[in-house]
Amino acid sequence: MVEKNTSTEELLELLKKKRSFDEYLKETPEFITGDLSAYLEQMIVQKGRKKADVIRGSQLDRNYAYQIFSGTRKPTRDKLLALGIGMGLSIEEMQKMLKISEYPVLYVKNKRDSIILFGLDKQISVGEMNELLYEMGENIIE
């Protein structure tokens, strides 16, 4: 059995060595499954936050944000970033949310993503994040 913290590269090497996919499945941890609304609810509880406060902090339209929470809307990557910032997610929690939603994770070699990663690490607000992005000549989170 493979540990849960195995790197993507290590998993790829393991996959290449197997003769059948079934053999690979027997040794690998669970795959990331996409239940965004369940993850958001879990994070709300874990962070001890109220949805209304998270939505206010995200600067998203209230109705749109509630539709994301209920699973009736699939948000864009930027809307998810705003929601995660409003919730006070860590970098790791944000990356997991993006993976669950099947969006690319924040990539440190991408200038805009690295600015967002910096802001997440410093726990800045959506407004402050947008100011920083604007100052650096990057698209704001909309």
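Just checking, does the range 87-96 include any residue being under 24 Å from residue 113 (Cα atoms), of a type in the set (A, V, I, L, M, F, W, C) and exposed (fewer than 13 other Cβ atoms within 10 Å of the Cβ)?
Step one: list which residues in the range 87-96 are under 24 Å from residue 113 (Cα atoms), which gives 87-96.
From what is left, the residues that are of a type in the set (A, V, I, L, M, F, W, C) are 87, 89, 91, 94.
With the extra rule that they be exposed (fewer than 13 other Cβ atoms within 10 Å of the Cβ), the set shrinks to none.
Scanning the range 87-96, I find no residue that is under 24 Å from residue 113 (Cα atoms), of a type in the set (A, V, I, L, M, F, W, C) and exposed (fewer than 13 other Cβ atoms within 10 Å of the Cβ), so the answer is no.
I need a count of the residues in the range 81-123 that are in contact (Cβ under 8 Å) with a residue 40 or more places away in the chain and part of a helix (DSSP H, G or I). Summing the residues that are in contact (Cβ under 8 Å) with a residue 40 or more places away in the chain and part of a helix (DSSP H, G or I) in the range 81-123 gives 11.
Only one of 62, 56, 49, 19 is at pLDDT 75 or above and surrounded by fewer than 10 Cβ atoms within 10 Å (Cβ to Cβ); which? Full working, then the answer.
On the way: 62 fails: surrounded by fewer than 10 Cβ atoms within 10 Å (Cβ to Cβ); 56 fails: surrounded by fewer than 10 Cβ atoms within 10 Å (Cβ to Cβ); 49 fails: surrounded by fewer than 10 Cβ atoms within 10 Å (Cβ to Cβ).
Matching residue, one of 62, 56, 49, 19: 19.
Exactly one residue out of 26, 4 is at pLDDT below 95, farther than 28 Å from residue 115 by Cα and outside any loop (DSSP other than H, G, I, E, B): that is 26. Per the conditions (1) modelled with pLDDT of 95 or more; (2) touching a Phe, Trp or Tyr at 6+ places or on another chain (Cβ under 8 Å); (3) closer than 16 Å to residue 37 by Cβ, the sole criterion not satisfied by residue 96 is (1). For the range 118-141, what are the residues that are aliphatic (A, V, I, L, M) and crowded, with 18+ Cβ neighbours inside 10 Å? If the condition is that a residue be aliphatic (A, V, I, L, M) and crowded, with 18+ Cβ neighbours inside 10 Å, then 120, 126, 129, 133, 141 are the ones that fit.
The values are calculated or read from the model by the stated rules, or taken from the named source; none is laboratory data. What you are looking at is a predicted structure, and each value in this text was computed from that prediction instead of being measured. Here the Cβ is made from the backbone with ideal geometry for all residues, glycine too, and neighbour counts use every protein chain on show.
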